[in-house]
Amino acid sequence: MTIELELQIASNAQTLPHPSQFREWVGHTLADRIDTGELTIRIVDEPEMIELNQTYRHKVGPTNVLSFPSEIDPQFEIPLLGDIVICASVVQREASNANIELLAHWAHIVVHGTLHLLGYDHEEDDEAAIMEDIEEQILTEMGYPAPYGDKIVDD
């Protein structure tokens, strides 16, 4: 499997996971699903996330993660999966408020965003159940707790 991950840090957050952790989380999510792919993860502060959330989802305020799947026609065989934008302060606040280990929540958010790039969604209950099961399987395989006791992923 060949995965190209560009990590962009556009945040003033003092505590972020190591770049190798992002690669591990993305790699586990994509394993057995695709052979090759390129994606970007951008870590931002609240002003940028507020603007993106308003522009693309027409929602007020920041969210934890937004995913922008590539819209390249598959016939061109370009392995671009898309972009994931994560708001560091929202992830930190959610973990603190829910009494979740911060690194486990980061892992969950990255797995969640990556699954969106692969076409998974949670708009309908049946879609949500499928996506949540996959997230829990990936996270527990990596040694993290199952995340859906508190249902805090809100994108």
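Nothing in this text is a laboratory measurement; each read-out follows from the coordinates by a stated rule. Given the structure is predicted, the values throughout are model-derived calculations rather than measurements. Note that we place each Cβ from the backbone using ideal geometry, even for glycine, and neighbour counts take in every protein chain shown.
Quick notes on this structure:
- Relative contact order for the chain, counting Cα pairs under 8 Å that sit 6 or more residues apart, in percent: 23
- Reported to the nearest whole Å, the Cα centre-to-centre distance from the stretch 89-107 to the stretch 1-73 is 16.
- Positive minus negative residues near Asp35 (Lys, Arg vs Asp, Glu; Cβ under 13 Å): -3
- DSSP beta bridges in the chain [antiparallel fraction, %, rounded to 5]: 25
- Helical runs assigned H by DSSP (4 residues or longer) give the chain a calculated mean residue ellipticity at 222 nm of -14000 deg cm²/dmol, each run adding -39500 (n - 2.57) before division by the residue total.
- Think of the stretch 86-155 as a dipole: +1 on every Lys or Arg Cβ, -1 on every Asp or Glu Cβ, centred on the Cα centre; then among Leu117, Ser96, Pro147, Ser96 lies furthest on the positive end.
- P(r) tail, the stretch 1-116: Cα-Cα pairs separated by more than 17 Å, 55% of all pairs.
- When the Cα positions of Asn12, Gln54, Phe22 are compared along the charge dipole of the stretch 2-141, Asn12 comes out farthest toward the positive end, with charges on each C-beta of Lys, Arg, Asp and Glu.
- When you filter the GluC sites (Glu not before Pro) in the stretch 1-107 for DSSP loop state and at most 16 other Cβ atoms inside 10 Å of their Cβ, you are left with Glu71, Glu77, Glu101.
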